[in-house]
Amino acid sequence: QKEVEQNSGPLSVPEGAIASLNCTYSDRGSQSFFWYRQYSGKSPELIMSIYSNGDKEDGRFTAQLNKASQYVSLLIRDSQPSDSATYLCAVYNQGGKLIFGQGTELSVKP
Amino acid sequence: DAGVTQSPTHLIKTRGQHVTLRCSPISGHKSVSWYQQVLGQGPQFIFQYYEKEERGRGNFPDRFSARQFPNYSSELNVNALLLGDSALYLCASSSTGTDEKLFFGSGTQLSVL
């Protein structure tokens with residue numbers, strides 16, 4: 001079992017729709033969770049962090065965390081073509097390493 | 001303020017050669033982490049350094065080594081290059097490296113021919 005798992009996609013949504021990206025992790029002791037966005041040919045860019053169960057909103061982005069289910073998600077409201085990128089879920093394991101999922105490719109169609 | 005800087009941007013080597021990649025963290029950050037990203041995959045953890053000490057090592061062979069200098073900059077060295085070492089090598093910095101956000105440099109694209 002991979003430490004952090006994501007569907008690789010591609011996930012295709014129309015412009016203006018809500019994009020929902022999901023991630024599961026295996027280490028029950030994990031306390032810190034992050035979402036990074038990576039455009040093709042570029043390095044990862046941090047967009048959200050979440051540490052407590054529940055929702056955290058920042059503009060059009062909402063991160064959701066459920067530690068009991070070992071599940072993290074990212075919602076992007078009013079998706080724009082500029083949101084088309086690969087979204088990486090990252091989780092600190094109890095060994096103190098930040099572990100990334102394989103990423104979900106999102107495509108927002110005009 | 002400058003972000004994380006990496007050099008060189010691109011590098012082409014042949015099998016069996018050695019390579020050194022360099023990274024300067026954000027000013028004030030004392031922790032540097034190195035990741036390897038193969039096309040289509042997420043970044044894979046290689047090393048983390050904090051205050052010049054190795055804090056963690058990923059599942060990479062001994063051909064990979066790193067160090068951190070007193071000014072907190074870091075080098076990643078790879079010996080006896082293999083074709084499979086072709087990847088984007090990412091450096092990230094944070095204040096302490098513990099449960100913190102990592103900020104990435106633009107990476108070094110290594111091609112091994």
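Key figures
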item: Within straight-line cross-link reach of residue A:109, aspartates and glutamates at Cα separation under 14 Å, skipping those fewer than 8 residues along the same chain; result: A:15, A:78, A:83
item: Centre separation in Å (Cα based) which lies between segment B:32-74 and segment A:40-110; result: 23 Å
item: Potential lengthening between residue B:101 and residue B:18 on full extension [0.36 nm per residue; Cα-Cα distance subtracted]; result: 26.8 nm
item: GNM result for chain B, Cα springs below 10 Å: residue of B:100, B:54, B:75 fluctuating most strongly; result: B:100
item: Top of A:17, A:90, A:63 by mean-square fluctuation, Gaussian network on chain A, Cα under 10 Å; result: A:17
item: Long-range amide H partners of residue A:85 with built H, under 5 Å; result: A:106
item: FRET efficiency, residue B:109 to residue B:71 (Cβ-Cβ, R0 22 Å, nearest 0.05); result: 0.30
item: Probe 1.4 Å, all protein chains present, accessible-area order of A:76, B:12, largest first; result: B:12, A:76
item: Restraint check, B:30/B:52; A:2/A:42; A:97/B:101; A:97/B:30; A:42/B:52; A:2/A:97, Cα-Cα greater than 18 Å; result: A:2/A:42; A:42/B:52
item: Per-residue ³J(HN,Hα) for segment A:3-14, Karplus 6.51 cos²θ - 1.76 cosθ + 1.60, θ = phi - 60°, Hz, x for Gly and Pro; result: 5, 9, 10, 9, 6, 6, x, x, 9, 10, 10, x
item: Surrounding net charge for residue B:21, when Lys and Arg each add one and Asp and Glu each subtract one, Cβ distance under 14 Å; result: +2
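The values are calculated or read from the model by the stated rules, or taken from the named source; none is laboratory data. Note that the coordinates shown come from a computational prediction; the quantities given were computed from them, not determined experimentally. With ideal geometry, Cβ positions are generated from the backbone for all residues, glycine too; neighbour counts draw on all protein chains shown. Remember, those area values only see protein heavy atoms, side chains included, never the ligands or the DNA or RNA. Shrake-Rupley method; radii C 1.70, N 1.55, O 1.52, S 1.80 Å.
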